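Have a look at the structure below before the remarks.
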Amino acid sequence: MNILKKIVEYLRKIIIFSLIDIFLLKNKRTIEKDILIIRIDGIGDFFIWLNTLRSYKKIYINRKFTIICSEQVKDIAEKIDFFEEIISINRNKFYTNFIYRYKILKKLSRIKFDLILSPTYSREFFCLDWLVHFIKAKEKIGFVGDNVNIKKVLHNFSNKWYTHLISTSNKNLTELERNYEFLESISLTKIGIELNSILNIDKKERIKGKYCIFFLGSSEVKKNWDVENYAEIAKYIPEDYKIVLSGGKSEIELGDKFLKIYKNNHRIINLIGETNLLETFFLIKYSKFILGNDTACIHMAVAAQTKSICILGGGQYGRFLPYNENLLKNKNFLPRIINYKLDCYNCNWNCKYRLDNWPCISRINVEMVRKKVNELLKEELC
């Protein structure tokens, strides 16, 4: 029954979205533009991808770039002296709100690009692939990719919307390696993998003195290491450090719980829900280190060239984290990973254990994290 409902919903979306397209494509007036990059996935994915940005300029010399990105990363994209135009979208609204979708597509219907680049490996049908299909361009390049975010039948159908699809190796590569694989395919040259901090921008420090940051939450509650454990780790942070709590508004309760457990509150600065993405980036940039779950903050720390410790589960182990240090010259700011290895790793978060917390995370104990924190603190003293 659930499968039938999904099929009906898919067909409904396809019919309505197609009618919107037909109505808008009547617009014959177009503005000619150069290259469009579509990168509408999550914050962490965006920060990983930023490492490749300089290479685009080397491949497409003297070309002008437009980007379609998520609203969440618009502030970051605006701080990079790279894009001629930035078009931001709310991906959820683009999928669920027909009026919002119409307004976005109406704007895009007036533009024709020379080239569209879609460097997202795990494609998605109704937002990413549909944008590639709708937007006018002479050439459209993307990954063949996998079926993590798209049904096979829809994947096969939307393959036809690209003029060229990049087939990649079947190796289990990290997301950073996939991004460079895309570049090497479009340039036909070998490009060395680097961690490039393209956000070379400065701003006054918000917090004076030494501090570290705890990110207590993540996009999935089951990825979260227990708040009580974070409070226990706080006891081992030197007294001359302030401890900043950071995260989104959905994580305010986690911060409140931490403050109830940890009694030495005079050195805690709770900023959960109080900073936007750019402000969070600067908090990370000026911190001594961050400690967090498998979330965007870890990739932001790499971009900010700040040391980080990540409590990592096994659902997609090796894809986003850990970074493949064997391919990188500069290893100073690679995230330190703490994980508990189980034989069910790489389940794509389809956990076979019907528990409130995923065991690959809940079995990571305080002592494992304390040792990693001590190692990092010793490095600071050297």
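The values are calculated or read from the model by the stated rules, or taken from the named source; none is laboratory data. This one's a predicted model, so the numbers in the text were calculated from it and none came from an experiment. For neighbour counting, all protein chains shown are included, and Cβ atoms are generated from backbone atoms with ideal geometry for every residue, glycine included. Accessible surface areas use protein heavy atoms only, side chains included; no ligands, DNA or RNA. Shrake-Rupley method; radii C 1.70, N 1.55, O 1.52, S 1.80 Å.
Find me the longest stretch of the chain that has none of the exposed GluC sites (Glu not before Pro), where exposed means in a DSSP loop (not H, G, I, E or B) with at most 16 other Cβ atoms within 10 Å.
After excluding every exposed loop site, the longest remaining stretch is 1-193.
Which one, Phe125, Ile207, Thr189, is farthest towards the positive end of the dipole of the chain when Lys and Arg carry +1 and Asp and Glu -1 on their Cβ?
Result: Phe125.
Quick check on the chain: helices-only [θ] at 222 nm, where DSSP H runs of length 4 and up contribute -39,500 (n - 2.57) each and the sum goes over total residues. Nearest 500, please.
-10500 deg cm²/dmol
Rolling a 1.4 angstrom probe over the protein chains, ignoring ligands and nucleic acids, what is the accessible area of His164 in square angstrom, nearest 10?
Its accessible surface works out to 90 Å², give or take rounding.
Would you calculate the separation in nanometres between label points at Phe98 and Lys112, each defined as 7 Å from the Cα along the Cα-to-beta-carbon direction?
3.0
Heavy atoms only, 1.4 Å probe, whole protein assembly: order Asp356, Asp240, Asp129, Asp146 by accessible area, highest first.
Details: Asp356 130, Asp240 90, Asp129 0, Asp146 35 Å².
My answer, sorted largest first, is Asp356, Asp240, Asp146, Asp129.
Based on the Cβ-Cβ distance of Asn276 and Tyr236, what FRET efficiency does E = 1/(1 + (r/R0)^6) give at R0 = 35 Å, to the nearest 0.05?
E between Asn276 and Tyr236, to the nearest 0.05, is 0.70.
Using 0.36 nm per residue, how much length does the chain from Lys331 to Lys13 gain when fully extended, once their Cα-Cα distance is taken away?
Full extension of this stretch gives 109.9 nm more.
Given R₀ = 25 Å, FRET efficiency for Ile191-Val144 by Cβ-Cβ distance, to 0.05?
On the way: r = 20 Å, r/R0 = 0.79.
Result of the calculation: an efficiency of 0.80.
So, taking all protein chains as they sit and a 1.4 Å probe, how much accessible area belongs to Cys310, in Å² rounded to tens?
We get 0 Å² for Cys310.
With every protein chain in place, what's the accessible area of Ser219 (1.4 Å probe, Å², nearest 10)?
Here the accessible area works out near 110 Å².
If I require 27 Å or longer along the helix axis, counting alpha carbons, and a Kyte-Doolittle average no lower than 1.6, what helices from the chain are left? Use full DSSP H segments.
Result, helices passing both filters: zero.
Taking 0.36 nm per residue of sequence separation and subtracting the Cα-Cα distance, how much length would be gained by fully extending the chain between Ser250 and Lys26, in nm to one decimal?
Working: separation 224, 0.36 × 224 = 80.64 nm, distance 4.21 nm.
Length gained between Ser250 and Lys26: 76.4 nm.
Given 0.36 nm per residue, what is the gain on full extension from Lys58 to Glu380 after removing their alpha carbon distance, in nm?
Full extension of this stretch gives 112.3 nm more.
Given a Förster distance of 45 Å, report the FRET efficiency between Leu4 and Tyr353 from their Cβ-Cβ distance, rounded to the nearest 0.05.
0.95
For Lys151, go through the lysines and keep the ones whose alpha-carbon is under 16 Å away, minus same-chain ones fewer than eight residues off.
Here the lysines satisfying the reach criterion relative to Lys151 are Lys5, Lys6, Lys13, Lys160.
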